[in-house]
Amino acid sequence: MRTVYLAAPLFSEAERDFNRKLRDEIKKAGFSVFLPQEDSNNVKGEKRQEIIFNKNLNAIENSDIIVAVVDGTDIDSGTAWEIGYASAKGKPVIGLRTDFRTLGIEGRVNLMIERSVILCTSIQELLNRLKHL
């Protein structure tokens, strides 16, 4: 079973709910999913940040595919880092942008992100892309 690392903002209840919904859809399509908000961020204590960083880094390293939610007026900074790291490692990255706002003539998202991902505009399109990678 191939593993997907799900990179996404996780700071509001709405974001976390969407991430769980997306995770469940990806799992139904036959993939194992690492979701940081549940698989690494439940750490407490003095070295919390170091532990979370290392768990997420290892999960990216061990994933076959990265799925990144790139909604919003600007991409979440953590998600942008995860995309950049995965891209530098040669991992395929699928970006999901359900947000219809654009950057005008500049594109749908930041140029560096748009050139680093396979950009999808719906969960169904993303699932179709996953099956063909």
Report task. Only Cα pairs under 8 Å and at least 6 apart count here; give the relative contact order of the stretch 3-131 as a rounded whole percent. Result -> 25 percent
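Using only DSSP helix segments of four residues or longer, with each worth -39500 (n - 2.57), what per-residue ellipticity at 222 nm results for the chain after dividing by its residue count and rounding to 500? Walk me through the numbers on the way to the answer.
Working: 6 runs with 60 residues, N = 133.
Using -39500 (n - 2.57) per qualifying helix, the result is -13000 deg cm²/dmol.
Could you list the trypsin sites (Lys or Arg not before Pro) in the stretch 1-37 that lie in coil according to DSSP, counting only those with at most 16 other Cβ atoms within 10 Å of their Cβ? Let's see the in-between values first.
Details: sites: 2, 16, 20, 21, 23, 27, 28; in loops: 2.
Answer in residue order: 2.
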Requested in this report: Could you tell me which label, among (1) 46, 30, 30; (2) 51, 32, 19; (3) 39, 30, 28, carries the value of Cα extents along the principal axes in Å calculated for this structure?
Outcome: (1)
Query raised in the report: For the stretch 116-125, what does the Karplus curve 6.51 cos²θ - 1.76 cosθ + 1.60, with θ = phi - 60°, yield as ³J(HN,Hα) per residue in whole Hz, taken in order and with x for Gly and Pro?
Result: 9, 10, 8, 8, 10, 10, 8, 4, 5, 4
Query raised in the report: Which whole-Hz couplings ³J(HN,Hα) result when phi for each residue of the stretch 76-93 is put into the Karplus expression 6.51 cos²θ - 1.76 cosθ + 1.60, θ = phi - 60°, listed in order with x for Gly and Pro?
Result: 4, 5, x, 5, 4, 5, 4, 4, x, 5, 4, 4, 5, 7, x, 7, x, 10
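Taken together, the values in this text are just the output of simple stated rules run on the coordinates, not laboratory data. Values in this document were obtained by computation on a predicted structure and should not be read as measured data. Glycine gets a Cβ as well: all are built from the backbone with ideal geometry, and neighbour counts include every protein chain shown.
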